[in-house]
Ligand SMILES: Cc1cc2nc3c(=O)[nH]c(=O)nc-3n(C[C@H](O)[C@H](O)[C@H](O)COP(=O)(O)O)c2cc1C
């Protein structure tokens, strides 16, 4: 990779963190509030006996929570990943790193990701993007060997292949060739354990089924309702004075399939991680009750992660207490019972599910 291009990617990564912390990226509607758990006035379980432990991809977690892919590949990322990893170890959570392409192209950056290996995290998730698995403007496609190297870099138990064409199409330097992406995922999945992961625009049933046939081991639905990369690109374009890009970012601000809808549509017999707009332990409980194996969080954790380990531990501790409270109030003593709890889908999410064709 040319030096200039490398600097551009590093700049973009640091812009993303800054914008996600400073700006309002919300879509103005809380799709998770559409999921209603039915109160059990006689829970017949003691709060202190509630067990939040869960299994994801054969790994034992202290709670069904994944710290979603956030960063890597630029200076400050090492410290952020260290903080995230320390808290993932403390609570026994899954953890993903950000796209590792930068370190495959510039090995000096590997330490900003591999820092997570210093921690005893029950489920470590590597990360590459599907746009980089096909050739883009003369740049060669990443191979199965690159996938293996990415996993080794972080001691990963599974490799997330992120699907982020919304971001690619709204950002100026985007990789917008997508032909051959599914074949490339199939090839990667035949050699390595792969999870397909959207990044904020969600999943339809048709895509979930194609991914299953391609051999992925699980799906992170990455749905609409939380961090919007279209909104992120709107802010980047605005500060660069690029009004065309800013308009495109604004137009596609709330593009995508809402996360709870994506969870229901993607129930095709694979483990599902419900990421996108998860704000609380109640949202985690809602996700499990509609079929997810775990919930993923990025944006909600980022401000505390920048503050440090104590702040992030307090944040995650609260989320787990809220999850326990929700389990208590529906009378679910463990995650299996929670997944069988009575949940209603209302509001716009109900409307989506009643009308979506695929
Ligand atoms: C600053 C930032 C950087 C991200 N970088 C990546 C990435 O490199 N790879 C990836 O798969 N997802 C990335 N994501 C997407 C998240 O993993 C997640 O899917 C998305 O933010 C939705 O979750 P949220 O609503 O809880 O933020 C990033 C998110 C944030 C906030």
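Where a number appears in this text, it was derived from the coordinates with a stated rule and is not lab data. Given the structure is predicted, the values throughout are model-derived calculations rather than measurements. Cβ placement follows ideal geometry from the backbone for every residue including glycine, while neighbour counts extend to all protein chains displayed.
If you plug the beta carbon distance of residue 42 and residue 336 into 1/(1 + (r/R0)^6) with R0 = 25 Å, you get a FRET efficiency near 0.80.
If R0 equals 51 Å, the separation of the Cβ atoms of residue 321 and residue 173 corresponds to a calculated FRET efficiency of about 0.75. Taking the average, over residues, of other Cβ atoms within 10 Å as the packing measure, peptides 7-13, 174-180 rank 7-13, 174-180 from highest down. For the chain, the longest principal axis of the C-alpha atoms and the axis of helix 181-191 are separated by about 70°.
Classify segment 278-358 from the C-alpha gyration tensor, please: rounded if a/c falls under 1.5, else prolate or oblate depending on whether a/b exceeds b/c. Cα axes put segment 278-358 in the oblate bin. By the count of neighbouring beta-carbon atoms within 10 Å, fewest first, 162, 157, 39 end up ordered 39, 157, 162. Label separation (residue 15 vs residue 351): 3.3 nm, computed from points 7 Å beyond Cα along the C-beta direction.
For segment 3-355, the relative contact order is 22 percent, taking Cα pairs closer than 8 Å that sit 6 or more residues apart in sequence and dividing their mean separation by the residue count. The angle separating the long axis of helix 309-330 from the principal Cα axis of greatest extent in the chain is about 40 degrees. With neighbours defined as other Cβ atoms within 10 Å of a residue's Cβ, the residues 255, 352, 32 order from fewest to most as 255, 352, 32.
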